1. Could you say which residue among ARG283, ARG297, ARG255 is surrounded by fewer than 17 Cβ atoms within 10 Å (Cβ to Cβ), within 29 Å of VAL100 (Cβ to Cβ) and out of contact with any Lys or Arg (no Cβ under 7 Å at 6 or more places or on another chain)?
2. Of everything in the range 1-40 that's of a type in the set (A, V, I, L, M, F, W, C), more than 17 Å from SER106 (Cα to Cα) and not in a strand (DSSP E or B), which residue is modelled with the highest pLDDT?
3. For the range 83-133, give me the residue count where each residue is closer than 27 Å to LEU358 by Cβ, touching a helix residue (DSSP H, G or I) at 6+ places or on another chain (Cβ under 7 Å) and basic (Lys, Arg).
4. Give all pairs with beta carbons closer than 8 Å in which a residue from the range 268-283 that is closer than 13 Å to VAL239 by Cα meets a residue that is among the basic types (Lys, Arg); count only pairs at least 6 apart in sequence or on separate chains.
5. Which one of the conditions (1) within 23 Å of HIS205 (Cα to Cα); (2) of a type in the set (Val, Ile, Thr); (3) part of a helix (DSSP H, G or I) does VAL324 fail to meet, given that it meets all the rest?
6. What strands (runs of 3 or more DSSP E) completely inside the range 170-278 contain at least 2 residues that are β-branched (Val, Ile, Thr) and within 20 Å of VAL147 (Cα to Cα)?
7. Going by the structure shown, is PRO292 in contact with a helix residue (DSSP H, G or I) (Cβ under 6 Å, 6 or more places away or on another chain) and free of Cβ contacts under 8 Å to residues at least 40 places away in the same chain?
8. When the residues of the range 63-74 are narrowed to those that are touching a residue at least 40 places away in the same chain (Cβ under 8 Å) and surrounded by fewer than 17 Cβ atoms within 10 Å (Cβ to Cβ), which ends up nearest to ASP221 (Cα to Cα)?
Amino acid sequence: MAKQGFRIMDSDLHVIEPRNLWEDYLDPKFRGRLTRGPDYQGQIRAHVDGKVLPPYADRPERERAWSIRRSRPEWDRMRPTEAKAALEAMDIEGVDVGIVFRTWASQAINVDGLEPAFAAAMCRAWNRWIVDFCSESPERLKPSALVPLQDVEGAIAEARFAVHDRGAVTLVLPSHLINGRPLYDKYYDPLWAAAQDMDVTVSFHGNHAAYAEHLAKRYLDNLVLGQAVGQPIEMMLTVGAVVTGGVLSRFPRLRMAFLEGNCAWLPWWLWALDERWEVWGDRELFQQHDKPSDLFRRQCFISVEPEEELSKHVVAELGDDNLVLSTDWPHDDSRFPHAIDEFLGQTALSAETKRKTLWDNCARLYKL
């Protein structure tokens, strides 16, 4: 398949998990801690250790915000996805290969204070299920993996299982902090070392809100602002952590991706971090001597939204070697079925930039 002469790889295709995922795949000793509450306005509320999902959905101000979201016709796409439906959508968009990411599962796993063994068991269940999902068309559907950040040894064990035993092409982590620990904390160094040794990409992806230290908690009544800080701004902080805290210097072969958080902010953010690093950078503590922007160019990738016209400024300032594309199907705010058309319609981007963004860069990112 080629759309307007371009091969297309979606760096961040999603799946809506089935309601029986945990019943069918979770270790039986943990199943009682994931429950489904009564149907509320057409939505069956899940609970993890008594916490309602999506996070804070039982609070009136949050419920009002989500009711606006659910009133849109695009919300109908937010139902359990079968592999055949994903492949049909890819055919409509013209996508050749999709890297399949989680939707609701991350909200259950990325919770502060969650028992590490329980978090690891949920990751194991999802990682087993997603490979079965992708088996419908393994040449087109590529599985990602969830790893639990509550315990680094559990994260390493799950990463090795997912990559070596299940063929996952990337490890997916949240862009917000878990248990208040910065990503540059050397507690995580064994995980980065394992990812580097396995030559597997580490991908960061945001959430609308979380039971953790998360900016969206300030704006539960305002879904617009909550999403804007929960996705792009949390992602900015994640980028900042790994390029100023020595992670990429200590692990120079580690690849990282920052997905579904926009990209137009990147030139200014790297400029701001470079300026401060030159003055205040703690080179001894973080074992880093390179500028943040140089580290990003060397080891990182960021996704552009199909309609993100300001991406032309990213290309002008930073070049086009670090951009990949995300359609965000089947989420209700994706541009499906015209996401790829919108990207290809950006006249400010050259054909070469489009080719690299749609395929070449993504293939380098995931080693496909």
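1. ARG297
2. Filtering the range 1-40 for residues that are of a type in the set (A, V, I, L, M, F, W, C), more than 17 Å from SER106 (Cα to Cα) and not in a strand (DSSP E or B), the one modelled with the highest pLDDT comes out as ILE8.
3. 1
4. Pairs found: ASP274/LYS291.
5. If we test VAL324 against (1) within 23 Å of HIS205 (Cα to Cα); (2) of a type in the set (Val, Ile, Thr); (3) part of a helix (DSSP H, G or I), just (3) comes out false.
6. In the range 170-278, 170-174, 201-205 are the strands (runs of 3 or more DSSP E) which contain 2 or more residues that are β-branched (Val, Ile, Thr) and within 20 Å of VAL147 (Cα to Cα).
7. no
8. ARG64
The values are calculated or read from the model by the stated rules, or taken from the named source; none is laboratory data. From a predicted model like this one, the values you see are computed outputs, not experimental measurements. Cβ atoms come from the backbone with ideal geometry, glycine included; neighbour counts cover every protein chain shown.
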